[in-house]
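Undergrad: Here it is: the structure, laid out below.
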Amino acid sequence: MNEMTVSSPMRRQIAKLKRVISTCSAWASRYGRVVRGLFPLTWMSFVALVLIYFVWYWEVMAHANQVLHAAVLVWLFFVAVLLVFTVLGSACVYVATRRANRGQTIVEKNEVGGYIASSYRVFRPVFLPFITVECSLLESEMGLNRREKPAFLWFEETLVPRGRGRFSALHRHIVVSDIFGMTAISFTLKQDVDIEITPEKASFEQMVFQTTSSGEDGYSHPSGDPRGDLVEMRRYQAGDPLRLVLWKVFARSRKLVVRTPEPTITQQTELFVYFIAGAHDESSAALARAFLAVEGVDTANMAFSVSGSGRLAQNEAEGVSDIIDSATHRSQPCDLLDIAPTVDRSVLGKTFILVPNRLGPWIEAARSFAAQYQISPTFVVSSDSRQAATQPQHDSFVRRLFCTTQTNGENDAKETQRLYEQLQSIGTVKSVDIATGAVCDIAAPPRRQTAAKGALT
């Protein structure tokens, strides 16, 4: 009892000490970067100063070398001038940039690959020689590519989303330095924004879902939603999907006639789609959005969920919102086993799981899901042929000839092959090109496959 009585206050003191250390560490990390950014000399300056010291001590002081003496003085004067220019330039950039963007905000809803015309401007001190200005976003905001166009005294900014997400603030890290790398001053400016980036909508026109609908008594009802079997016919109207056109009737009568669903009372849910967030998942996010937006498919006949959301989406807007928010859930455990009990058991037999292009801890959750419910889910792996076509080739001829190191393309192919092998041990695998809509079954190594447009059924 005495040991417990004595140790309890000690544990409280230790816990208090840990909190103090953690607070001090966070404070030092935050303000240490600020102090380091405001210190004008770079590591190259320190190296040069050390060399100058030894030259001064051994040659100038010991041997009275007047040439080196003059050279050292000239170099020190030059560094001092650069230091003055850097300090003046930093002050001008900080004051002018803050004043030019005061009260401005960005309210934008866009999708991956679009353009955001930002009103943010960064000052250019062109009247100061040897001074350059660089601006970038913080690492947490790398879902936005920043492009700038130099004007006379300003950098005009354009933002290009390369990943889904929501942004409530943008932090621009500005570095003012000389072209020789001797002096540099950096600081960060914050701008309040309201930016929502949705995934790019995949090209998936030929995707077909086989669903059936029926009324509660087995008969149609005139006031029901038109989501039953395609039995009724009418004249073609602008906006009707071409897949509903009766082309045989058109060949005989030269009239465009479409099939329309029979009105029913209830709609049976016959599809479960689950999107897994993880590394390299942007193409899968675009495919998930296509699942929600494809003609004739909504959450009335499709159970849709996103990892990290903890729910089934009730409509398309809610599903898209969950896809956007999943960008912050990439490192969280997959909750597929938690969502599955909320889906009808008969629907789980037709499960589509949209997976990232890299293996991750989610593979074990998918394996446990298939084993627990004794089903063979369909895994959909997506890719973008446009990225492969525009992939830069950095390896020179000499490097390719003499270097045995594997290229990024070879490493990506091996990672994809490992992903296919793991997924094939659990269920069936389909590959989708979001740029063309091509769908192919993965039943052999990828080099033997022939992609053809098809249907996920």
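The values are calculated or read from the model by the stated rules, or taken from the named source; none is laboratory data. Note that the structure is predicted; figures quoted are calculated from it, not measured. All Cβ positions, glycine included, derive from the backbone under ideal geometry; neighbour counts span all protein chains shown.
Undergrad: All but one of (1) more than 16 Å from Arg172 (Cα to Cα); (2) in contact with a Lys or Arg (Cβ under 8 Å, 6 or more places away or on another chain) hold for Tyr120; state the number of the condition that does not hold.
TA: (1)
Undergrad: Can you list residue pairs whose Cβ atoms sit under 7 Å apart, with the first residue in the range 283-310 being farther than 14 Å from Ser326 by Cα and charged (D, E, K, R) and the second being at pLDDT below 80 and in a loop (DSSP other than H, G, I, E, B)? Count only pairs 6 or more apart in sequence or on different chains.
TA: Every condition considered, the pairs that remain are Glu295/Pro241.
Undergrad: Checking the structure you have, find out if any residue of the range 96-119 is buried (at least 17 other Cβ atoms within 10 Å of the Cβ), assigned to a helix (DSSP H, G or I) and among the aliphatic types (A, V, I, L, M).
TA: Yes.
Undergrad: Sticking with this one: Among (1) at pLDDT 85 or above; (2) in contact with a helix residue (DSSP H, G or I) (Cβ under 6 Å, 6 or more places away or on another chain); (3) hydrophobic (A, V, I, L, M, F, W, C), which single condition is Leu68 missing?
TA: (1)
Undergrad: For Gly165, state whether it is at positive phi, touching a strand residue (DSSP E or B) at 6+ places or on another chain (Cβ under 7 Å) and at pLDDT 85 or above.
TA: yes
Undergrad: Still on this structure, please answer the following. Name the residues in the range 153-174 that are hydroxyl-bearing (Ser, Thr, Tyr) and more than 18 Å from Thr188 (Cα to Cα), would you?
TA: Selection gives Thr158 alone.
Undergrad: Mind checking which residues of the range 120-165 are closer than 14 Å to Ile197 by Cα and surrounded by 18 or more Cβ atoms within 10 Å (Cβ to Cβ)?
TA: Within the range 120-165, Glu141, Gly143, Leu144, Leu159, Pro161, Arg164, Gly165 meet the criteria.
Undergrad: Here is a further query. Just checking: which of the strands (runs of 3 or more DSSP E) contained wholly in the range 334-446 hold 1 or more residues that are modelled with pLDDT of 90 or more?
TA: 351-355, 378-383, 428-433
Undergrad: Are any residues in the range 118-146 modelled with pLDDT of 85 or more and closer than 27 Å to Leu287 by Cα, and if so, which ones?
TA: Leu144, Asn145, Arg146
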